[in-house]
Each structure stands twice: as structure tokens, then as C-alpha cells.
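Student: Submitted below is the structure of interest, expressed as C-alpha cells.
Throughout, read-outs are computed from the coordinates displayed, never taken from laboratory work. Since the structure is predicted, the reported quantities are computational estimates derived from the model, not experimental observations. For neighbour counting, all protein chains shown are included, and Cβ atoms are generated from backbone atoms with ideal geometry for every residue, glycine included.
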Amino acid sequence: MVEHKRFGVAVHYRNAARDRVGEVAAAVRTAEQRHALRVTTGREVIELRPDVDWDKGKTLLWVLDHLPHSGSAPLVPIYLGDDITDEDAFDVVGPHGVPIVVRHTDDGDRATAALFALDSPARVAEFTDRLARQLREAPLRAT
């Protein structure tokens, strides 16, 4: 399946026959070379995008720099991600925030820069519900 994105395309091969995945990857690599694109890989997906120096970590830094903030307490970013392409954002969040990798059964013990982990995508809703409830009941206060 080809997913059209704003600045590229994602070629998902989850439903492709296992013996055809190599052909899919080769076709994407040909497009990369022919059109000077950048290829990134993820969970059963290959993405083609413009070859520019930009990733999820740089995007997160840009958002944090442009986010209106008037309080005296620092912003604490919480970043959840389940893909290898999220590692750049985990690196950015790590020192000042909460980087959380969302594991899948097929991940094994993949190395990550995230300091915390949820053991499945189903845990994300549980985590965000608990966080929202905690913030409502005991809002953070500047010290």
C-alpha cells in the first residue's frame, strides 16, 4: 500500500507476500536514486522523502521553540513513539522530558534512547488516561 504524505510517500509492505518484500524494497531504492530522495525504514514501511536535514527530533525542537509559554515552570515534553524514526525525538526529549517507547511483540529488545517504555500500543490509552486524571486531580505547581 502506498500512503501519500504531505512531503513524501510511505510504502507499507505489511500485507505483501514475504517473498515479494525484496522486490518492493528494490523498487523504492530505485526511486530514491532516480529522484535524489531519502529513504527511511520503519515497522514494515519504507518512506521516501526529500533529502533534507530534517527529522522528528528537529521537528520537536521547532515545536518547543515556537510553543507559547508564559509560566515560570519549564515545559516538560512527553513523547511517545513506536518506530525507529522516533529515536531522533527521544534523543531531543531525553534530557528535559519524558521519552517513552511503545513496544510491539515483534520488537524484541531493540535498543532505544527512550528512558521509559510501554509494553504495547494498548497501553498508550491507559497511560494518557491516567496522566490526564492525575493532572486534573493534582495539577503541577511551579516551585
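Student: Sort 91, 86, 51 by Cβ crowding within 10 Å, fewest neighbours at the top.
Tutor: Numbers: 91 16, 86 25, 51 12.
Sorted ascending by nearby Cβ count, the order is 51, 91, 86.
Student: On C-alpha positions alone, give me the angle between the axis of helix 122-137 and the longest principal axis of the chain, in degrees, nearest 10.
Tutor: Tilt of helix 122-137: around 20 degrees.
Student: Compute the long axis of helix 56-66 from its Cα atoms, compare it with the longest principal axis of the Cα atoms of the chain, and write down the angle in degrees, 0 to 90, nearest 10.
Tutor: The angle comes out near 40 degrees.
Student: Any idea what angle helix 21-35 forms with the longest principal axis of the chain, computed on alpha-carbon atoms, 0 to 90 degrees, nearest 10?
Tutor: So the helix axis and the longest Cα principal axis differ by about 90 degrees.
Student: Moving on to the next point. When a/c is below 1.5 the answer is rounded, else prolate if a/b is larger than b/c, else oblate, so apply that to the stretch 56-137 with a ≥ b ≥ c taken from the square roots of the Cα gyration tensor eigenvalues.
Tutor: Values: a/c = 2.52, a/b = 1.29, b/c = 1.95.
The shape class here is oblate.
Student: Just order 20-27, 98-105, 64-71 by mean Cβ neighbour count inside 10 Å, highest at the front, would you? Spell out each step's value before the answer.
Tutor: Details: 20-27: 12.5, 98-105: 18.4, 64-71: 8.1.
Descending packing order for the listed peptides: 98-105, 20-27, 64-71.
Student: Right, something else. Just round it to a whole percent: the fraction of Cα-Cα distances in the chain exceeding 25 Å. List each step's numbers first, then the result.
Tutor: Details: 4300 of 10153 pairs.
Summing the P(r) of the chain above 25 Å gives 42 percent of all pairs.
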